[in-house]
1. GLN129 versus (1) polar (S, T, N, Q); (2) farther than 26 Å from CYS69 by Cβ; (3) part of a helix (DSSP H, G or I): which is the lone unmet condition?
2. Does THR53 satisfy being loosely packed, with under 10 Cβ neighbours inside 10 Å and β-branched (Val, Ile, Thr)?
3. Restricting attention to region 13-31, which residues are open to solvent by 60 Å² or more (accessible area, probe 1.4 Å) and closer than 16 Å to GLY44 by Cα?
4. Give just the number: which of (1) farther than 20 Å from ASN56 by Cβ; (2) loosely packed, with under 13 Cβ neighbours inside 10 Å; (3) of a type outside the set (Phe, Trp, Tyr); (4) over 19 Å from the mean Cα position of the chain (by Cα) does ASP116 not satisfy?
5. Looking only at helices (runs of 4 or more DSSP H) that lie completely in region 17-111, which have at least 1 residues being farther than 25 Å from LEU181 by Cβ and polar (S, T, N, Q)?
6. Select from region 161-198 the residues that are closer than 16 Å to GLU149 by Cβ and in contact with a helix residue (DSSP H, G or I) (Cβ under 7 Å, 6 or more places away or on another chain) and write down the one among them that is modelled with the highest pLDDT.
7. Could you please give the count of residues in region 94-127 that are in contact (Cβ under 8 Å) with a residue 40 or more places away in the chain and under 18 Å from LEU82 (Cβ atoms)?
8. If you go through region 40-55 one residue at a time, do you hit one that is touching a strand residue (DSSP E or B) at 6+ places or on another chain (Cβ under 7 Å) and of a type outside the set (S, T, N, Q)?
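The values are calculated or read from the model by the stated rules, or taken from the named source; none is laboratory data. The model shown is predicted, which means the values in this text are computed figures rather than measured ones. Neighbour counts are summed over all protein chains in view; Cβ atoms, including those assigned to glycine, are modelled from backbone coordinates with ideal geometry. The area values use the complete protein model at the heavy-atom level, side chains included, leaving out ligands, DNA and RNA. Shrake-Rupley method; radii C 1.70, N 1.55, O 1.52, S 1.80 Å.
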Amino acid sequence: MRYPETLDELIEYFKLLPGIGRRGAERMALAMLEWDENRLRNFGSVISALPDTVGNCPECGAIAPKGECCEICSDLRRDDSLLCVVENMTQLAAVEKGNYFRGRYLVLGGRISPLDGEDGSSLNIPLLQKKAAAPEVREVILALSSDVEGRATAAFLAELLQDLPVKITRPALGLPAGANLSYADGATIAAAFSGRTDI
């Protein structure tokens, strides 16, 4: 069955979301047709406002209100001597769920992946170098995924930072090899951070 062009376009956009296939996208789009007109218009307004209202924290690269620091960078109770490097916001949220780490973050915005054409040039590496060189930073924790790309990125960053007077570590216990940090539960994250190892 062919749907109206606008509905087909909506389904294609939903398919771009992680974990959503054609059938899931179709179900979501059809469910939205059951909403009343005001809810649909409000939903569209929220989506169209995203580029104007949501941006990246200038201090760490995390998601924040556009032009402002995120709530973690604004929190004066955080430990400035610890800098945790993650690939994306999903990983930052996973680490925060562990309720163990109380330092600062640097969101890389991805990882090195030659097969996907990502050579690191679009990553927040200059910001990382600046943050890691700050006199108050004692330790940089490379909390990247333990798959091939994550390990390659961690090795690249460890080499890049090796001349700085900081300890470079990575989370250890509890994270299975080849797993994505984004999907670990809070207890596993806490165990990994308490048992981190030198790189």
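1. So the condition that GLN129 fails would be (2).
2. Taking the combined requirement at face value, the residue does not satisfy it.
3. TYR13, MET28, LEU30
4. (4) is the only condition that ASP116 fails.
5. In region 17-111, 37-53 are the helices (runs of 4 or more DSSP H) which contain 1 or more residues that are farther than 25 Å from LEU181 by Cβ and polar (S, T, N, Q).
6. ARG170
7. Matching residues across region 94-127 total 14.
8. Yes: region 40-55 contains one or more residues that are touching a strand residue (DSSP E or B) at 6+ places or on another chain (Cβ under 7 Å) and of a type outside the set (S, T, N, Q).
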